[in-house]
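See below for the structure under consideration.
We did not get these values from a lab; they are worked out from the coordinates using the rules stated. Quick caveat: nothing in here was measured; it's all calculated off a predicted structure. Glycine also receives a Cβ, built like all others from the backbone with ideal geometry; neighbour counts cover every protein chain displayed.
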Amino acid sequence: MPDFSSFDLVALLPFIAVGFVAQSIDGALGMAFGVITNTMLVAVLGLPPAQASAKVHVVEVFTTAVSGISHFLSGNVEWPLFFRLLVPGLIGGVTGAYLLTSIDASVVKPFVLGYLALMGIWLLVRGLLYPPKLKSATVIAPLGLVGGFLDAAGGGGWGPVVTSNLLVQGAEPRKVVGTVNSVEFFLTLTVSATFIYHLGFQSFAGATLGLLIGGVIAAPFGAIMAKRFSPKVMLVLVGIVLTATSAYSLLRALS
């Protein structure tokens, strides 16, 4: 099992803060926890992409469980949409996790950083164009498959891919956020099991505990913020931060 005994509170505070902020945004928007935390671990701290993604997914097992329950209690889950996303998401997640643990980290890192930078730009664009007119979403299963794969391979992507595309199609924002967060629990549980099988428990010390504490504390507030805060402003701010951080680190990795 992971050994967290050598980590004091002061050392964990930055990770607790990141986990709290990232989960607050994720719970309100249905996206960004994985992208924000993975960007910090890969781009700022220099962790290998597979280990960073694994840490993020282990934390998300707990944060998405709390977030999913909160959204369920708030009536934010649409069950037909839930089941149509679940199986494709799990298939894509396992495939992405297996691929990321099977290739050289130094080779994949620039591609992961490039992907995260694109996610930041995409979030910014979606924020500026938000919201669409409400109507029933029609393209669902392919989103689950692609979102699950990119989430595991890039350490974040389930929310940005699935939530934003469903919103573009016109689905009700509150239901989309609640449903996507609820499905994400099962996705992260499956992806984490895959990472643990390939990397072992010893890979999950360090930042994991801080992110876990901050994320779990923030998770119950997501369902409330989904009803009260403007997604447009949040998407624009997240997009700017992610684009700047990932693009800078990508330039450093390629130089």
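Tally Lys/Arg at +1 and Asp/Glu at -1 over every other residue whose Cβ is under 14 Å from the Cβ of residue 66; what's the total?
Cβ neighbours under 14 Å give a net charge of -3.
Around residue 19, with a cut-off of 12 angstrom between Cβ atoms, what is the net charge of the other residues, counting Lys and Arg +1 and Asp and Glu -1?
-1
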